[in-house]
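> Take this structure first; my questions come after.
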Amino acid sequence: MRIRKKFLTSMQMMSCGIMKLKKVGITERFNGPGSVLQLADIMRTDGCNKVLIVSGKTVKEKKITDPFVKKLHEYNIDHEFFVVPGGKFNSQSFEEGYRTYVRSSCDAVMAFGGGTVIDCAKLIALKAANPSKNMTYFTDFTAVPKKAVPLYAAPTTPGSGSEISMLSFYTDEKGHKLPVLSSEFVPGAAALDPDLMMTLPPELIAYCGMSTLTRAIESYISTYSERFYRDTVNAPKACRMVFENLYDAFIDTDNKTARLNLLKASYYAGISFRRSAGGYIQAISHRMSELYGIHHGLADAVLLPYILEEYMPEVVEDLSVIAYHCDFSDDKNAKVENAFRIIEQIRDLNQMLGIPDYIAELQDTDVPLIIKRTQNDARLCGCPKILMDSDLENIFSVLLYNKSRDNKNAVL
């Protein structure tokens with residue numbers, strides 16, 4: 001394990017050195033109901049003639065894009081749709097989207113959807129500016145592609161912060177989720193419009209909100225962040241906004257203020273994550289999505305308190321700061337108590353949202369494979385503590401025990 005830790009630190013040093021050389025602009029942001037229409041104004045100003053609208057099936061079927069398309073027509077801007085097949089971003093959808101862009105003679109890309117859709121749109125826009133490059137080139141974090149064609153985003157869910165981040169995740173031919181890191185496909189403008197979330201069911205609101213909280217916390221406790229870039233504002237702000245708004249948005253589908261605040265929290269978490277890195281929570285969540293197809297945010301929510309406990313005592317200082325910013329304590333010096341208080345608040349929030357303390361799909365026979373893939377995940381260079389295989393085995397044992405307990409109670 002000592003050898004592995006040394007290797008990860010070297011990887012961290014290398015990737016951070018490269019990222020420090022990259023200049024990343026802040027995405028222009030528009031807030032509030034109807035703000036997505038302002039992106040049409042920007043497109044007219046930018047001289048766009050035809051826009052490829054990348055969306056998911058539900059967004060298109062429920063005609064969520066109709067007001068935006070109408071606005072485009074008013075400005076004599078043409079459009080073409082590309083619906084991400086099956087809601088999955090893989091090599092096939094990436095190539096299909098790019099071919100649609102070229103075939104339709106588009107000159108800009110607009111993402112209308114959740115993190116997967118925005119991730120796909122970002123790579124299509126990058127490919128459009130680098131037509132001779134393939135996905136293998138883009139997944140090399142040392143690559144230096146040309147800046148993507150004009151790109152805009154309107155997230156329909158909070159969670160990933162993809163509208164501001166330098167990361168996209170796609171699924172390769174083996175079903176593994178892989179990161180693509182680039183400063184060249186960050187959208188130029190984004191609309192945080194709560195009207196786009198009004199058809200989102202409470203369950204997905206809960207999962208996406210917990211994904212935002214996870215990303216904010218992981219970015220703040222990351223050793224990557226600590227050594228090279230410490231965002232002391234956006235991550236704690238994102239955490240507080242999730243704790244203050246997620247349950248309200250969950251129980252009241254008409255609460256636009258709460259939903260807008262969740263979109264803002266996701267945006268702030270995305271900013272904090274830009275020069276940071278994920279850890280075991282993100283890595284295991286990706287494995288849960290790969291093997292069982294469960295929502296990434298659900299896995300995040302379940303795993304978050306367990307992994308934070310395993311990180312102790314290395315994260316006491318950081319969690320204490322977050323707890324203080326979230327108003328869970330008025331004693332800034334009670335660090336250990338504050339750190340454990342934030343974990344208890346996460347568990348309480350999960351319970352309020354109806355999220356269990358286990359993953360129902362998890363099978364004990366899959367645990368060795370999950371651990372192997374997790375330990376091989378390059379994103380672990382951001383972990384505040386490198387966990388042993390036995391540490392991960394203990395976590396999965398608890399998850400499986402909790403699953404068995406609830407199954408027995410259900411039978412009784």
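> Enter the accessible area of Val84 (Å², nearest 10), with the probe set to 1.4 Å and all protein chains included.
Approximately 0 Å² for this residue.
> Whenever you get a sec, line up Lys146, Lys127, Lys177 from highest to lowest accessible area (probe 1.4 Å, protein heavy atoms).
Output order, biggest surface exposure first: Lys146, Lys177, Lys127.
> Right, another one. With a 1.4 Å probe and all protein chains left in place, how much of the accessible area of the chain comes from carbon and sulfur atoms, in whole percent?
Working: 8840 of 17380 Å².
For the chain, the apolar C and S fraction of the accessible surface comes to 51 percent.
> Right, next: Calculate I(q)/I(0) for segment 152-199 by the Debye formula, one identical point scatterer on each C-alpha and no solvent, and give its log10 at q = 0.20, 0.24, 0.27 Å⁻¹ to two decimals.
-0.75, -0.90, -0.99
> Not counting ligands, DNA or RNA, and with a 1.4 Å probe, what is Arg215's accessible surface area in Å² rounded to the nearest 10?
20 Å²
> Taking square-rooted eigenvalues a ≥ b ≥ c of the alpha carbon gyration tensor, is segment 269-412 rounded, prolate or oblate, where a/c under 1.5 means rounded and, failing that, a/b exceeding b/c means prolate?
Details: a/c = 1.85, a/b = 1.29, b/c = 1.44.
Here segment 269-412 falls in the oblate category.
> Next question. Over segment 138-206, calculate the relative contact order: mean separation of alpha carbon pairs under 8 Å at least 6 apart, over the residue count, as a percent. Kindly include the intermediate steps, with their values, before the conclusion.
Numbers: 84 pairs, mean separation 28.0, N = 69.
After rounding, I find 41 percent.
> Per residue, how much accessible area does segment 86-141 show when a 1.4 Å probe rolls over the protein heavy atoms, in square angstrom? Spell out each step's value before the answer.
Values: 2080 Å² over 56 residues.
Roughly 37 Å² per residue, with all protein chains present.
> Please label the shape of segment 329-412 as rounded, prolate or oblate, based on the square roots a ≥ b ≥ c of the eigenvalues of the alpha-carbon gyration tensor (a/c under 1.5 means rounded; beyond that, a/b larger than b/c means prolate, else oblate). Walk me through the numbers before you get to the answer.
On the way: a/c = 2.60, a/b = 1.14, b/c = 2.28.
Taking the square roots of the gyration eigenvalues as a ≥ b ≥ c, segment 329-412 is oblate.
> Continuing with the same structure: With every protein chain kept in place and ligands, DNA and RNA left out, what is the accessible area per residue of segment 250-375? Probe 1.4 Å, answer in Å².
38 Å²
> What whole number of Å gives the distance from the Cα centroid of segment 266-297 to the Cα centroid of segment 343-403?
13 Å
> Sticking with this structure for a sec: With every atom except the alpha carbons ignored, what do you get for Rg and Dmax of the chain, in angstroms?
20.7, 65
> In a shell of Cβ-Cβ distance under 13 Å around Lys63, excluding Lys63 itself, what net charge do Lys and Arg (+1) and Asp and Glu (-1) give? It would help to have the intermediate numbers written out before the result.
Details: positive: Lys57, Lys60, Lys62, Lys70; negative: Glu61, Asp66, Asp195.
Net charge around Lys63: +1.
> Could you compute Rg(Cα) / (2.2 N^0.38 Å) for segment 239-312, with N its residue count?
Segment 239-312 yields a ratio of 1.24.
> Which of rounded, prolate or oblate describes segment 98-167 when judged by the alpha-carbon gyration tensor and an a/c cut-off of 1.5? Before the final figure, lay out each step's value.
Numbers: a/c = 2.15, a/b = 1.22, b/c = 1.76.
Oblate, because a/c is 1.5 or more while a/b does not exceed b/c.
> Also, quick follow-up: Below 13 angstrom from the Cβ of Leu262, what's the summed charge of the other residues (Lys, Arg +1; Asp, Glu -1)? Mind dumping the intermediate values first?
Numbers: positive: Arg215, Lys237, Arg240, Lys256, Arg259, Lys264; negative: Asp193, Glu244, Asp248, Asp252.
Around Leu262, the charge tally is +2.
> Right, here's the next one. Hey, what did segment 179-267 get for relative contact order, percent, Cα under 8 Å, at least 6 apart? Don't skip to the end; give the middle numbers.
Values: 79 pairs, mean separation 32.8, N = 89.
The normalised contact order for segment 179-267 reaches 37 percent.
> Rolling a 1.4 angstrom probe over the protein chains, ignoring ligands and nucleic acids, what is the accessible area of Leu52 in square angstrom, nearest 10?
For Leu52, solvent-accessible area is about 0 Å².
> Stretched out fully, how many nm does the piece from Asp78 to Tyr292 gain, at 0.36 nm a residue minus the Cα gap? List each step's numbers first, then the result.
On the way: separation 214, 0.36 × 214 = 77.04 nm, distance 3.94 nm.
Taking 0.36 nm per residue and subtracting the Cα distance, the gain is 73.1 nm.
The values are calculated or read from the model by the stated rules, or taken from the named source; none is laboratory data. For clarity, every value in this text was computed on a predicted model and none was experimentally measured. Heads up, the Cβs are rebuilt from the backbone with ideal geometry, glycines too, and the neighbour counts pull from every protein chain shown. Accessible surface is based on the protein model in full, side chains and every heavy atom, while ligands, DNA and RNA are left aside. Shrake-Rupley method; radii C 1.70, N 1.55, O 1.52, S 1.80 Å.
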